[in-house]
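Report on the following structure.
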Amino acid sequence: MAAEKGFEDFGDVFGEATPEWDSATATIAVVPLLPSLFYAHAPDPSRVEVLATDFHSFTFARVLTVHDLEDLRDDIGIGGSWSEFVDYFKSSLSSGGVKLILGGLQNVGSGNVHATLIALKSKGLPRISLSLNIVLNVPASDAMGTLSLALFRAFKRKESDAVKGFHIFLLLIAVYDGEFEAADMTNQHVISFVNQEKNDNLQNQLDSLSFLSKRKASKPNLAVKASTASDVLLNNFETSDSGLQQPSDIAANKGPQVIKSSKRGALVSRRPRVRGVLLQDTEDDDDN
């Protein structure tokens, strides 16, 4: 069963744990609590080691096997696959709300001080509770050294990733400014990244052109379909009206018509013409 389950991909989990005294020790505690860090990692695929220290007074540690985590899984009642539970375990430790509850201060000289690491992924979900054992002297120094060295290496990895990201940012600016050849191309990872970006941009442009060409090609088809539909409707209309006589046909059958007026022109009276009128002297007539 243990051979099928392990911690090959567990990685490293760092965090800050808020130290508190438990209820039984808080009233008599005289030792001040300092900020603490914890570190969870898998030294090999069969176990997980959890360390917690304030680098001054208290250092705690515990090694968890696959069987221990299966018991923890049963206690908190989380179902699902093994990998899902391991992910939940890591997510709870990375939540940022981890507490380190200390107790047994009255027996500090005998090494009976204990601590409980409590992690909650989010409100309403089951919490992870791990009991830790105090380590003293050389084992405590070894635990602090292990945590410090792992934290330094994690910082260097983050720094390297940040530097790579900054170089990639500068090279992308050079690419968009047309200065790709003049850029520093000594990093093969950066070269492959930039080339991949160029290929992706080119592919996106080709996809856009292909979409536009398909869209333009589909428009004539729509016009043809529309004209075909209008022709069909027109033919149906002409067929349905074939039995009716069109106005143009009626006009052609009648031919030209003579328009008769109902009114006649008025007759104009003519005065007789008098030609060669003779003027006579009235006095002469009287004498005669």
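The values are calculated or read from the model by the stated rules, or taken from the named source; none is laboratory data. Remember, predicted model here, so these are calculated numbers, not experimental data. All Cβ positions, glycine included, derive from the backbone under ideal geometry; neighbour counts span all protein chains shown.
Of note:
- Looking across segment 171-194 at every residue that is at pLDDT 70 or above and within 25 Å of the chain's Cα centre (by Cα), the one that is farthest from L51 (Cα to Cα) is identified as I173.
- Taking the conditions (1) surrounded by fewer than 16 Cβ atoms within 10 Å (Cβ to Cβ); (2) under 30 Å from L34 (Cβ atoms); (3) more than 38 Å from the chain's Cα centre (by Cα); (4) in contact (Cβ under 8 Å) with a residue 12 or more places away in the chain in turn, S91 satisfies each one other than (3).
- Beta carbons closer than 7 Å, at least 6 apart along the sequence or on distinct chains, pair a first residue in segment 9-32 that is over 30 Å from P45 (Cα atoms) with a second that is among the β-branched types (V, I, T) and modelled with pLDDT of 85 or more for E20/I101; D22/I101.
- Segment 137-153 residues that are farther than 13 Å from F60 by Cα, paired with ones that are surrounded by 15 or more Cβ atoms within 10 Å (Cβ to Cβ) (beta carbon under 7 Å, 6 or more apart): A150/Y39; A150/H41; L151/F14
- Failed item, numbered, when A17 is tested on (1) within 20 Å of K121 (Cα to Cα); (2) surrounded by fewer than 18 Cβ atoms within 10 Å (Cβ to Cβ); (3) at pLDDT 90 or above: (2)
- Pairs with Cβ under 6 Å, 6+ apart, first in segment 37-66 and under 13 Å from A115 (Cβ atoms), second crowded, with 22+ Cβ neighbours inside 10 Å and of a type in the set (F, W, Y): L51/Y39; A52/F38; A52/F60
- Positions within segment 13-35 being closer than 15 Å to T146 by Cα and not aromatic (F, W, Y), in sequence order: V13, G15
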